[in-house]
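To keep things clear, I will list the structure first and then write my remarks on it.
The values are calculated or read from the model by the stated rules, or taken from the named source; none is laboratory data. Note that the coordinates shown come from a computational prediction; the quantities given were computed from them, not determined experimentally. No Cβ is skipped: glycine too gets one built from the backbone with ideal geometry, and neighbour counts run over all protein chains shown. Note: areas computed on protein heavy atoms with side chains; ligands, DNA, RNA excluded. Shrake-Rupley method; radii C 1.70, N 1.55, O 1.52, S 1.80 Å.
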Amino acid sequence: MSRRKEIVTILKDPQIGERVTVKGWVRAFRNNKFVALNDGSCFKTLQVVIDSDVISEDIIKRVGFHACIAVTGKLLESQGAGQAVELQADSIEILGETDLSTYPLQSKKQSMEFLREKAHLRMRTNTFSAVFRIRHAVAFAINKYFNDKGYYYLHTPIITGSDAEGAGEMFRVSTLDPKGAPIAEDGSIDWKQDFFGKQTNLTVSGQLQAEIGALALGKVYTFGPTFRAENSNTSRHLAEFWMIEPEVAFFDIFDDMDLAEDFVKYLINYCLDNYPDDLAFLDSRIEEMEKNMKKELRRPMGLIDTLKFVVENDFERITYTDAINLLRSSKPYKKGKFEYDVEWGIDLQSEHERWLVEKKFKKPVIVRDYPKDIKAFYMRMNDDDKTVAAMDVLFPGIGEVIGGSQREERLDKLTKRMQEMDIPEEELSWYLDLRKFGGTPHSGFGLGFERIILFITGMGNIRDVIPFPRTPGNAEF
């Protein structure tokens, strides 16, 4: 058998009359004659035409839904609509059969909930193969963007002894026997006898360590897994997720906002330019889902139009105080439609963020200068002594996708905030050293990788944009 040729290569430049071998999975089989074959190299399928006078009946019977086959034949101009080229099969080898009597997937629409339970098979569907190609595209674009702009990729620890967010919702890492852990004199667990000689956890952020890199290399970024032991069983939360965290010396909050806007626009443009077939399918999928919905429940624009609108328009920029004033003067607030109250000092809820983006400005919004009491200790104090130089980027449909800040570079201000928030200085002495020895203003942000994938693909649940979701009560595979 001749060497395999990928379907993406064939469809980019079909050589009529060429004899090729392709291998892939059967997406559809019509009339015992027409096979839609996909090998994962692109969204499109290659039509394989089977002649029963050439291919034995026994082989044809085994060409079932999602069976894996190898086909050798000649490329011809297609006689049907929808494709320019088709493969006339000379021989077919069954690489892997599918027992349709027990195979859980069927060649018809199946619910996201059902497919989530079959995560080891769902990538074979059109929807999930498109989603995970887009996920790859965004991951590649992230590294390309920062590399092309002179940033250095920094690998920060997954196991850490610090809690960057101060939230305390962390997974513990330990080798101690839970049934017989050593006990200290005060009755607590003696963590000095643990593997690392102290209590350690899975990281919630690489930011603090990234600051070390930024204050030596100038511009760095992290891109890795982070973990949150938050018992939130929602469509927007995961226990294991990925974060992108650039950190830049000499940047203030306005530089930080400029970087965030340029960065997310680049990622979206990369997908629009390089994965049009996958996005077109996901766009049509949403249109099909919403066709019987009430108009007010449908998206104002299709997926591709939304993506183009985001990259073609400047993001609105407002202060937190502006946001609160706008929300309190809004019709939903006056009519009691918001579930959560609106007053200065609250942390904006998703319903508030989405009203600003989807109703008020109808485009992404960057909110800055949040109250210090709802933000982390490391954010730079503003002159009013009430707010910090923090910023969030809000997107339609999902709310916050980026959270960032200018970091507090003044040692006295930083130690005062740590004291106010009961953060022991000795645990972060190295972090304070960055201010004592050659410190400088610097800024950064965190982009939730799954959040931006959720937006670009138009999927409705964050569990559907990560291959193997980790959520409360679920750690399959």
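Determine which member of the set Phe468, Phe477 is among the aromatic types (Phe, Trp, Tyr) and at positive phi.
Phe477
Give me the helices (runs of 4 or more DSSP H) completely within region 35-150, filtered to those with at least 1 residues that are open to solvent by 20 Å² or more (accessible area, probe 1.4 Å) and either under 30 Å from Phe223 (Cβ atoms) or in contact (Cβ under 8 Å) with a residue 60 or more places away in the chain (or both), ordered by residue number.
Details: elements: 57-61, 112-117, 126-148.
Ranges flagged: 112-117, 126-148.
Any idea which of Ile366, Ile402, Ile456, Ile466 is at pLDDT 95 or above and over 20 Å from His237 (Cα atoms)? Lay out the reasoning, then the answer.
Details: Ile402 fails: over 20 Å from His237 (Cα atoms); Ile456 fails: over 20 Å from His237 (Cα atoms); Ile466 fails: over 20 Å from His237 (Cα atoms).
Unique residue meeting the criteria: Ile366.
Out of Met301, Met289, Met243, Met293, I need the residue that is closer than 26 Å to Ala390 by Cα and either open to solvent by less than 60 Å² (accessible area, probe 1.4 Å) or free of Cβ contacts under 8 Å to residues at least 40 places away in the same chain (or both). Which one? I'd like the intermediate steps shown before the answer.
Values: Met301 fails: closer than 26 Å to Ala390 by Cα; Met289 fails: closer than 26 Å to Ala390 by Cα; Met293 fails: closer than 26 Å to Ala390 by Cα.
Result of the check over Met301, Met289, Met243, Met293: Met243.
Taking the residues in region 19-34 that are in contact (Cβ under 8 Å) with a residue 12 or more places away in the chain and outside any strand (DSSP E or B) as candidates, determine which candidate is farthest from Pro276 (Cα to Cα). Give the derivation first.
Residues of region 19-34 that are in contact (Cβ under 8 Å) with a residue 12 or more places away in the chain, as a first pass: 19-29, 32-34.
Now restrict to residues that are outside any strand (DSSP E or B): 32-33.
Values: Asn32: 31, Lys33: 29 Å.
This residue is Asn32.
Please work out which residue is least open to solvent (accessible area, probe 1.4 Å), limiting yourself to region 431-477 and to residues that are without any contact (Cβ under 8 Å) to a residue 12 or more places away in the chain and hydrophobic (A, V, I, L, M, F, W, C).
Ala475
Could you tell me how many of the residues in region 412-463 are under 13 Å from Leu208 (Cβ atoms) and touching a strand residue (DSSP E or B) at 6+ places or on another chain (Cβ under 7 Å)? Walk me through it before giving the result.
Applying the first criterion (under 13 Å from Leu208 (Cβ atoms)) to region 412-463 yields 414, 418, 423, 427-435, 442, 444, 446.
If we keep only those that are touching a strand residue (DSSP E or B) at 6+ places or on another chain (Cβ under 7 Å) too, we end up with 442, 444, 446.
Qualifying residue count for the region: 3.
With respect to the numbered conditions (1) under 19 Å from Ser205 (Cβ atoms); (2) surrounded by 14 or more Cβ atoms within 10 Å (Cβ to Cβ), which one is the sole condition not fulfilled by Thr387?
Result: Thr387 fails condition (1) only.
Which residue out of Asp383, Asp373, Asp392 is within 15 Å of Phe315 (Cβ to Cβ) and of a type outside the set (A, V, I, L, M)? I'd like the intermediate steps shown before the answer.
On the way: Asp383 fails: within 15 Å of Phe315 (Cβ to Cβ); Asp373 fails: within 15 Å of Phe315 (Cβ to Cβ).
Among Asp383, Asp373, Asp392, only Asp392 is within 15 Å of Phe315 (Cβ to Cβ) and of a type outside the set (A, V, I, L, M).
Can you pull out every residue in region 3-17 that is within 26 Å of Tyr275 (Cβ to Cβ) and touching a residue at least 12 places away in the same chain (Cβ under 8 Å)? I'd like the intermediate steps shown before the answer.
Step one: of region 3-17, the residues within 26 Å of Tyr275 (Cβ to Cβ) are 4-15.
Once the filter is applied, which keeps residues that are within 26 Å of Tyr275 (Cβ to Cβ) and touching a residue at least 12 places away in the same chain (Cβ under 8 Å), region 3-17 yields Arg4, Lys5, Glu6, Ile7, Val8, Thr9, Ile10, Leu11, Pro14, Gln15.
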